[in-house]
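Presented below is the structure to which this report refers.
The values are calculated or read from the model by the stated rules, or taken from the named source; none is laboratory data. Since this is a predicted model, take the numbers as computed values, not measurements. Cβ placement follows ideal geometry from the backbone for every residue including glycine, while neighbour counts extend to all protein chains displayed.
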Amino acid sequence: MVTRKPCIKKLAGFEYSVLPNVYKGSTDTELFCKILDIRKGQDVWDIGTGTGLIAITAKLKGAGCVLATDLNPDAVKNAKKNSRLLRLKIDVRQADVFGEINKKVDIITFNPPFTNQKAKQKHEISFWDKDHKTLRNFFSNVRKHLKPNGRAFIAWSSFGDTRKLRKIAKEFDYSLKEVGKKTGKRDFVYYVFEIVF
Ligand SMILES: C[S@@+](CC[C@H](N)C(=O)[O-])C[C@H]1O[C@@H](n2cnc3c(N)ncnc32)[C@H](O)[C@@H]1O
């Protein structure tokens, strides 16, 4: 699901560039783009932006300031490239989840790595998250980056452990409300959940 050579892909109504070592996007990305409900001028932060597609969709749906971050430097390059190609003003930066960025927004989105496995190479963080460290980091910091009445959304898939996701959310006193669901290749089911604080 990452490419060795740069390529062009079509998804969610876009033709966009995919650089080597970046997750090219699939049913999860498409579902997230579809369910994104943005009120005009709302500020959005897309964590783990990859090619930038969710951030781009947010901007095109009327978001005000859009921040897109990723730990993988190739993803940062890729999201910058795609926003430039579409002539969209998106602030793309490298950060480990929220990093040191001191910002509050109306909507936070994260399509995270789903599986508890060690990433041996940098691009593998698209899929593997040993002991769900990145997920826990996200849950532990998401609230303080939301404005009053802000909302946060997280994607998941049945090839990850959905019961475990709910259990980790509960450790932080959150529950998860399903707002999107789609079956993809090999009958894997993809979800988007809203975090209920
Ligand atoms: C499943 S991909 C989703 C990419 C893109 N948002 C999409 O939907 O196509 C997960 C993304 O999270 C990024 N990621 C993984 N661990 C991260 C971390 N600790 N901090 C920030 N981004 C991370 C990966 O580099 C990857 O781009």
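Test K80 against the stated conditions and say whether it is of a type in the set (K, R), away from the ligand (no atom under 13 Å from the Cβ) and touching a strand residue (DSSP E or B) at 6+ places or on another chain (Cβ under 6 Å).
yes
Can you name the number of the only condition in (1) over 18 Å from I47 (Cα atoms); (2) at pLDDT below 95; (3) small (G, A, S) that G180 fails?
Exception for G180: condition (2).
Scan the stretch 147-181 residue by residue and report those that are crowded, with 17+ Cβ neighbours inside 10 Å and outside any helix (DSSP H, G or I).
Within the stretch 147-181, G150, R151, A152, F153, I154, A155, W156, S157, G160, Y174, L176, G180 meet the criteria.
When you go through (1) away from the ligand (no atom under 13 Å from the Cβ); (2) at pLDDT below 95 one by one for F159, which number turns out not to apply?
(1)
Restricting attention to strands (runs of 3 or more DSSP E) lying wholly within the stretch 1-107, give those where 1 or more residues are free of Cβ contacts under 8 Å to residues at least 40 places away in the same chain and closer than 29 Å to R136 by Cβ.
Passing ranges, in order: 66-70, 91-94.
Which of the following residues is away from the ligand (no atom under 13 Å from the Cβ), modelled with pLDDT under 95, surrounded by fewer than 23 Cβ atoms within 10 Å (Cβ to Cβ) and more than 15 Å from the chain's Cα centre (by Cα): K10, K40?
Only one candidate passes the filter, namely K10.
Can you name the number of the only condition in (1) among the β-branched types (V, I, T); (2) more than 15 Å from the chain's Cα centre (by Cα); (3) away from the ligand (no atom under 16 Å from the Cβ) that I195 fails?
(2)
Kindly indicate which of I90, I54 is buried (at least 20 other Cβ atoms within 10 Å of the Cβ), within 7 Å of the ligand (Cβ to nearest atom) and aliphatic (A, V, I, L, M).
Every option except I54 fails the conditions.
If you check D70, D74, which single one turns out to be within 11 Å of the ligand (Cβ to nearest atom), among the charged types (D, E, K, R) and touching a helix residue (DSSP H, G or I) at 6+ places or on another chain (Cβ under 6 Å)?
From the options D70, D74, the qualifying one is D70.
Between R166, R143, R136, which is of a type in the set (K, R) and within 15 Å of the chain's Cα centre (by Cα)?
So the residue among R166, R143, R136 that is of a type in the set (K, R) and within 15 Å of the chain's Cα centre (by Cα) is R136.
How many residues, within the stretch 182-197, are at positive phi and in a strand (DSSP E or B)?
So the count comes out to 0.
Is there any pair with a first residue in the stretch 121-149 that is more than 14 Å from I195 (Cβ to Cβ) and a second that is among the basic types (K, R) whose Cβ atoms are under 6 Å apart and which are 6 or more apart or on different chains, and what are they?
K130/K118; K147/K104
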